[in-house]
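What follows is one structure encoded as structure tokens, with my remarks underneath.
The values are calculated or read from the model by the stated rules, or taken from the named source; none is laboratory data. Keep in mind it's a predicted model, so treat the numbers as computed, not measured. Counting neighbours? That spans all protein chains shown, and the Cβs are built from the backbone with ideal geometry, glycine included. Each accessible area value is taken on the protein alone, full model and side chains, heavy atoms only, with ligands, DNA and RNA left out. Shrake-Rupley method; radii C 1.70, N 1.55, O 1.52, S 1.80 Å.
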Amino acid sequence: MILDVLDNAGLYAGLNPRFPAAFAFLRRPDLAELPVGRIDLEDGLYAVVAKGPGRKPEDALIETHDQYIDLAYVISGTDSIGWKARRDLGPAVEASDPRSDVAFYQDKPTHWAEVLPGMIAAYFPEDAHMPMISDAEIHKIIMKVRV
């Protein structure tokens, strides 16, 4: 997991060949005006614009991905994202569909990170995470970066 500000993204650009393009997209001046939904950028890289009310931890499940890194960038609001090491998870709630690249678990996070506007949070396949936890509205971009 990485938690930092977008201004420091260059420190992480070498971790994945698609990170430089992902960081460049997040520096667009019109992010707040993009429509909610998926935006395809290149093979192995797309953005998901999310905007809506946060959830309560008891109404959410922790998740993992095998093929993609979730790189979250908050535009407005505060996203309290729960984290737990994937190796410490119990069994998945249901069998993972490889086409959707997500599995859900009943486990509770062991750590929480408040991701504020201007911050990035990267969750790798070994990171279980519970996003969109807030008492208010969250507007964010999730970059899906193929491993």
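Hey, does segment 43-52 have a residue that's in contact with a His (Cβ under 9 Å, 6 or more places away or on another chain) and acidic (Asp, Glu)?
no
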Would you check if there is a residue in segment 13-33 being touching a Ser or Thr at 6+ places or on another chain (Cβ under 9 Å), open to solvent by less than 30 Å² (accessible area, probe 1.4 Å), within 20 Å of Gly118 (Cα to Cα) and touching a residue at least 60 places away in the same chain (Cβ under 8 Å)?
no
